[in-house]
Amino acid sequence: MELFDVYPLYDVTPVKAKGAYVWDENGTKYLDLYGGHGVISIGHTHPEYIKSISKQLSKIGFYSNSIQNPLQQELAEKLGRISGCEKYNLFLCNSGAEANENALKLASFVTGKSRVISFKNAFHGRTSAAVAVTDNKNINAPINLQQEVTFLPLNAIELVIQEINKGDVAAVIIEAIQGVGGLDEGTTEFFQQLQKICQEKEVLLILDEIQSGYGRSGRFFAFQHHDIQPDIITTAKGMANGFPIGGVLISKKIKAKYGMLGTTFGGNHLACAAAISVVDVIKNENLIKNVNSVYNYFLEEIKSVSKVKKVKGKGLMLGIEFDFEVGELRKKLIFEKHIFTGGSNNKNLLRILPPLTINKEQIAVFINALKELLA
Ligand SMILES: Cc1ncc(COP(=O)(O)O)c(C=O)c1O
């Protein structure tokens, strides 16, 4: 059997990883400034992470959601405490798309409505409702066009109000910082006005923190830069450092009912053990402080790189925009300088999403590589 060929591949085969480094089959060492799409939060093969998963695996790896699993409660408590979101309830699933799918479904259950407002250039995943609120026609199949979605420009609050006033909107879904779209974000004023109109008209505000959450922006959730409290928060990527998991944080005003949501694998013992160790490491190693200190260093150092048009994003969710397409630069970074970076819908933008454990010396290596390649 051959693989279903849906991914354009770089010719690199990682076989080993540690911290912010990855090694290929020939022993070449790469600096990982992409963390496999922003998934690696506490660094590759962190010893606490290995210990937690291995210990759990030798006890019980999986049982269904029809029995008691105290690890889910432990994760909910620890996540509530570290994020300051103690007043939410947690539903566990398996991926980012699934978290958004459940969030949108909840909003529709609660309001009895079905239209959703999303934003230009948004990316929310590839399942049915999640892909429908993703602003990319190429990845929406005819079956996905049944969803009622209105895409609006970021920061255009008057347009949002106009749509909400039509009375048929269940939810507004928004990334705190756009990832795949290219690191654009709403202003604080916009987020606050969005919350206000949603509250006034009983529309649910869903913050997609799948890429921007878990400390990556320099706060636990990136919406916390704007002093708002969404009705629903979705999370995935950094949540278990590569072990598949997703989470939906749900305001207590939304009441649960048996059967409302469900999953076979979501919140299984191994996924919880992985996710608990991530929260523990973020706390014990003070990683959010590290994100902010490395970010400040990056902002200073990037000034010395010529041809940079703009730096976008926050913390360790960054976009470096040039006035040329960066495809060739990314290839040179991989094959000449042995540094992984990412791209986005904005072809002029290098996206970096390193492990939150990265240090200033490793950022300096990247800055020097950029200088040499752009000289
Ligand atoms: C903001 C955002 N939402 C949702 C998703 C979908 O997550 P997953 O690929 O885990 O389904 C992604 C993935 O890139 C994302 O960046």
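Each other residue within a Cβ distance under 15 Å of TYR297 adds +1 if Lys or Arg and -1 if Asp or Glu, for a net charge of +1. For the pair region 191-216 and region 293-359, the centres of their Cα atoms are 27 angstrom apart. Cβ-to-Cβ counts within 10 Å put TYR21, TYR10, TYR258, TYR49 in ascending order as TYR258, TYR10, TYR21, TYR49, the fewest first.
Using 1/(1 + (r/R0)^6) with R0 = 30 angstrom and r between the beta carbons of THR263 and GLU328, what's the FRET efficiency to the nearest 0.05?
The pair THR263/GLU328 has a calculated efficiency of 0.10.
Would region 200-305 count as rounded, prolate or oblate if I go by the C-alpha gyration tensor, calling it rounded below 1.5 in a/c and otherwise prolate when a/b exceeds b/c, oblate otherwise? Judged from the Cα gyration tensor, region 200-305 comes out oblate (a/c at least 1.5, b/c at or above a/b). Over all other residues within a Cβ to Cβ distance under 13 Å of SER212, the charged ones net out to +1, with Lys and Arg as +1 and Asp and Glu as -1. The phi torsions of region 216-227, fed into the Karplus equation with coefficients 6.51, -1.76 and 1.60 and a -60° offset, translate into couplings of 4, 8, x, 10, 4, 10, 5, 5, 5, 5, 10, 6 Hz, rounded to whole numbers, with Gly and Pro shown as x.
The amide H of GLY246, built 1.01 Å from its N in the peptide plane, has CYS93, ASN94, SER95, GLY267 as neighbours under 5 Å, considering only residues 5 or more places off or on other chains.
By other beta-carbon atoms within 10 Å, ranking SER64, SER83, SER212, SER108 with the fewest at the front produces SER64, SER108, SER83, SER212.
Semi-axis lengths, largest first, of the ellipsoid equivalent to region 27-159 are 33, 22, 16 Å, with √(5λ) applied to each eigenvalue of the Cα gyration tensor.
Shown for LYS166, LYS337, LYS309: other C-beta atoms within 10 Å of each C-beta, ranked fewest to most, produce the order LYS166, LYS309, LYS337.
How long are the semi-axes of the equivalent ellipsoid of the chain, taking √(5λ) for every eigenvalue λ of the Cα gyration tensor, in whole Å from largest down?
Working: eigenvalues 203, 138, 76 Å².
Equivalent ellipsoid semi-axes, largest first: 32, 26, 19 Å.
Ordering 286-292, 175-181 by mean Cβ neighbour count within 10 Å, with the highest value first, yields 175-181, 286-292. Based on C-alpha pairs under 8 angstrom that are at least 6 apart in sequence, the chain has a relative contact order of 24 percent.
Kirkwood hydrodynamic radius (Cα pairs, Å) of region 12-70? Display every interim value, and only then the final one.
Working: mean 1/r = 0.0735 Å⁻¹.
Taking the inverse mean of 1/r over all distinct Cα pairs, region 12-70 comes out at 13.6 Å.
Read-outs: derived from the displayed coordinates by stated rules, not from any lab. On a predicted model such as this, the values are computed, not experimentally measured, just so you know. Every residue, glycine as well, gets a Cβ built from its backbone with ideal geometry; the counts of neighbours run over all protein chains shown.
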